[in-house]
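To start, the structure under review is shown below, and the notes come after it.
The values are calculated or read from the model by the stated rules, or taken from the named source; none is laboratory data. Every value quoted in this text rests on a predicted model; they were computed, and no experiment measured them. Here the Cβ is made from the backbone with ideal geometry for all residues, glycine too, and neighbour counts use every protein chain on show. Each accessible area value is taken on the protein alone, full model and side chains, heavy atoms only, with ligands, DNA and RNA left out. Shrake-Rupley method; radii C 1.70, N 1.55, O 1.52, S 1.80 Å.
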Amino acid sequence: MIIEEHAHDRHVKDSPGSSLDREPEVDPSQDYQLLLGYENNTHTVLRFRRKLDTCDHHDIPITNDTMRVVWAFHSDEPIGGSGHNHYISYNEQIKMRLDLKKLLEYGSYVIHPLNHQLLEKICDSVNSWLQYEPLQGLKGSNGLQHVVLYECQDSPQVSKLADTPGRQCYEPNTQPFSCNTVVASWARGSEGFSFPPEAGYPLEPTTSRYYLLETHYISPTDGSLGSLDGSGLRLYYTPELRRHDAGVISIGMDPNWRHIIPPGQQRVVSSGHCVSECTKQAFPHNGINMFAVVMKTHRIGRQVALKHIRGNIEQPPIAADDNLDADYQEYRKLGVPVKILPGDHLIAECTYNSSGRTAITLGGLTSREETCLVMGLYYPKQRSLAACHSLPSLPTVLHSLGIQGLSPGSNPVRISAPPELAGMTLESRLVSYDWDNQFHSFQEATLKGSFKPLCWTAQSTILPGTDKDLHYPNITMAYVRNSPDHCNNYKRYSTEGWPGGTPMMELDGNHIEGAARSKVSRSSSSPTAEESLGLSRVNSACSCNTFQTVLVVCVLLISFNQ
């Protein structure tokens with residue numbers, strides 16, 4: 001049955017005390033076009049369209065950022081006029097998802113890696129993974145957050161654990177697994193990933209006999225986690241090899257307490273560097289081609305960008321999301337693969353909103369902590385680099401907290417200078433720091449200060465000659481992103497107070513506001529007592545009121561025939 005259609009382009013003013021429980025105002029510019037409308041016994045359908053960017057300040061531009069659609073319905077039919085009583089009484093967020101093409105080609109096969117269950121043995125021939133998707137077979141409130149599949153280096157420790165059931169990954173006094181290369185990653189909100197026709201991830205029994213599945217859960221507040229069996233990834237593979245072998249590289253901040261996010265701030269910026277000294281050694285002469293990324297923060301992350309520096313010139317960002325959602329971490333296929341050359345410098349820049357927190361947030365793996373990582377899929381696969389991270393240097397951290405010196409050998413670590421802080425523990429300084437008045441000096445110190453590069457190989461070693469403390473690269477020409485020409489508008493960046501001319505905020509623009517990680521035990525290749533600082537108790541002092549405990553379970557999955 002064709003229905004009488006009524007469609008208006010409306011908006012709700014974002015002002016103090018505004019609410020969606022009132023009638024939206026009609027836009028002066030009507031930018032939505034109704035195409036058709038009908039209803040049957042089960043559905044009411046309205047089809048409409050609009051430009052991605054209407055240049056109307058009442059309309060949000062539709063971009064490749066994470067977008068939300070607010071929808072509403074009423075239990076009764078509208079009665080004449082505008083019928084304001086039938087306006088919004090309920091809304092829900094709907095995320096834009098990638099249209100994943102199912103690559104179930106003729107001759108492809110499926111394997112199901114589940115917790116507490118070994119994978120079937122795969123024959124000796126080389127295969128390519130084409131696609132993976134999540135398995136969420138948990139009963140009840142499962143709290144599954146993300147799943148990561150790692151490629152392992154063959155070692156007596158890994159071989160011994162291969163036939164044992166899964167266990168918690170980060171138990172005290174246990175050696176970390178020598179599994180450092182991310183193969184596949186699923187995070188909450190994702191529907192999986194399909195490789196492009198030209199690339200697939202290689203399954204090579206001669207080089208990788210073991211894989212490790214790591215699953216992260218947040219336990220419900222009532223403790224009813226339920227069974228952990230049945231969660232994991234479903235993998236599609238084929239003996240028909242693709243043209244290119246794909247690899248995965250993690251770029252950003254190494255999860256560690258030195259990544260500090262002050263409380264009560266609308267905008268806190270952190271940067272994780274993949275330095276040119278690292279890419280110069282690890283990438284081939286013709287470079288690598290990055291074709292997809294997933295951007296990772298925890299609960300207070302709001303924006304992520306993967307910046308690309310060549311020489312002293314900032315290239316267009318490889319990927320960016322100005323509207324990040326921690327519950328929607330989907331792979332984003334790049335329109336055209338981005339060429340990254342040896343000597344290029346990459347920066348994962350994350351922006352957080354900590355205004356709802358009253359205590360500091362530290363870097364780490366749990367949901368009460370934070371992270372800043374971008375995981376990139378690329379080809380051709382390189383075996384000399386698995387993770388390209390950085391951390392603020394210890395002098396930078398101390399300077400950002402107004403500390404001039406530490407007492408050698410003190411436990412817990414105590415401050416020796418300046419005199420007004422002498423005798424205070426470092427932990428006390430972190431918890432009691434006057435962030436409201438000192439935030440800007442802290443932010444400047446962390447952005448302009450030195451950092452420690454961490455260029456991790458698949459063998460969990462650091463590339464030689466890359467562990468020297470460095471500073472933000474000197475950018476002589478910053479990238480400027482223009483708005484579409486039809487809007488007669490442009491974006492201009494303020495570089496005041498930022499290193500290398502890096503943008504601090506966007507001005508004059510028509511602008512709106514997709515689980516890799518390194519092992520926690522690898523904060524440095526040989527950490528000193530001062531670098532470790534004995535801060536295992538800081539997390540309890542800095543935790544927020546509403547977060548839950550995290551269970552991380554690991555199980556060795558595959559043993560290839562030899």
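With a/c under 1.5 counting as rounded, go ahead and sort segment 233-301 into rounded, prolate or oblate using the C-alpha gyration tensor (a ≥ b ≥ c being the square roots of the eigenvalues; past the cut-off, prolate if a/b is larger than b/c, else oblate).
Verdict is oblate for segment 233-301.
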Point to revise | Three-way shape call for segment 384-470 based on the alpha-carbon gyration tensor, with the a/c threshold at 1.5 | key: prolate
Study note, to complete from the structure: Amide H proximity to Ser231 below 5 Å, modelled H, separation 5+ or other chain, gives Asn115, Gly137
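How do Glu420, Glu214 stack up against each other in accessible area, from largest to smallest, with a 1.4 angstrom probe?
Values: Glu420 145, Glu214 0 Å².
Solvent-accessible surface, decreasing: Glu420, Glu214.
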Check your understanding: Looking at the square roots a ≥ b ≥ c of the eigenvalues of the Cα gyration tensor of segment 272-358, which shape do they give, rounded for a/c under 1.5, prolate if a/b is larger than b/c, or oblate?
Key -> prolate
Exercise for review: Output the Cα-based Rg and Dmax of segment 211-345 in Å, rounding Rg to one decimal and Dmax to a whole number.
Suggested key: 18.4, 55
Check your understanding: Under a plain spin-label model, where a point goes 7 Å from the Cα along Cα-to-Cβ, how far apart in nm are Glu191 and Ala478?
Key -> 3.8 nm
Practice item. Could you go through segment 28-34 in sequence order and give the Karplus-derived ³J(HN,Hα) for each residue, using 6.51 cos²θ - 1.76 cosθ + 1.60 with θ = phi - 60°, rounded to whole Hz, and x for Gly and Pro? Key: x, 9, 8, 9, 9, 10, 6
Revision key, fill the gap. Shape descriptors of segment 341-384 over alpha-carbon atoms, Rg and Dmax in angstrom, are 15.5, 46
Review point. Mind ordering 399-412, 43-56 by average Cβ neighbours within 10 Å, highest first?
Key: 399-412, 43-56
Review point. Which cross-chain or sequence-distant (5 or more) residues have an amide H under 5 Å from the amide H of Tyr201, H modelled 1.01 Å from N in plane?
Key: Trp129, Ala246
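Run the numbers for Asp154 and Asp467: contour at 0.36 nm per residue of separation, minus the present Cα-Cα distance, in nm.
Values: separation 313, 0.36 × 313 = 112.68 nm, distance 2.59 nm.
My answer for the length gained is 110.1 nm.
Taking 0.36 nm per residue of separation and subtracting the Cα-Cα distance, what length does fully extending Thr164 through Thr42 add?
Details: separation 122, 0.36 × 122 = 43.92 nm, distance 5.13 nm.
Length difference between fully extended and current span is 38.8 nm.
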Study note, to complete from the structure: Between Asn64 and Ser407, Cβ-based FRET efficiency (R0 45 Å, step 0.05) works out to 0.35
Check your understanding: Label-point separation (nm) for Leu241 and Ser416, each offset 7 Å from Cα along Cα-to-Cβ?
Key -> 5.9 nm
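Regarding segment 334-451, what's the average projected area of the Cα-atom convex hull, expressed in nm²?
Its Cα hull, projected and averaged over all orientations, spans 10.8 nm².
Just to verify a number: FRET efficiency for Arg50 and Val12, C-beta to C-beta distance, R0 = 22 Å, to 0.05? Provide the component values of the computation, followed by the final result.
Details: r = 17 Å, r/R0 = 0.78.
For Arg50 and Val12, the calculated efficiency is 0.80.
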Check your understanding: Rounded to the nearest 0.05, what FRET efficiency do His57 and Ser432 have when you use their Cβ-Cβ distance and R0 = 45 Å?
Key -> 0.55
Revision key, fill the gap. Asp467 neighbourhood, Cβ < 11 Å, K/R = +1, D/E = -1, net charge 0
Check your understanding: At a probe size of 1.4 Å, how large is the accessible area of Arg167, to the nearest 10 Å²?
Key -> 60 Å²
Exercise for review: Using the Karplus curve 6.51 cos²θ - 1.76 cosθ + 1.60 with θ = phi - 60°, work out ³J(HN,Hα) for each residue of segment 352-359 in order, rounded to whole Hz, and write x for Gly and Pro.
Suggested key: 10, 10, 9, 5, x, 10, 9, 9
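Filter the cross-link list Lys160/Lys280; Lys160/Lys296; Lys333/Lys468; Lys13/Lys296; Lys307/Lys448; Lys296/Lys333 down to pairs whose alpha-carbon distance in this structure exceeds 27 Å.
Numbers: Lys160/Lys280 36 Å; Lys160/Lys296 32 Å; Lys333/Lys468 34 Å; Lys13/Lys296 31 Å; Lys307/Lys448 17 Å; Lys296/Lys333 15 Å.
Among Lys160/Lys280; Lys160/Lys296; Lys333/Lys468; Lys13/Lys296; Lys307/Lys448; Lys296/Lys333, the Cα-Cα distance tops 27 Å for Lys160/Lys280; Lys160/Lys296; Lys333/Lys468; Lys13/Lys296.
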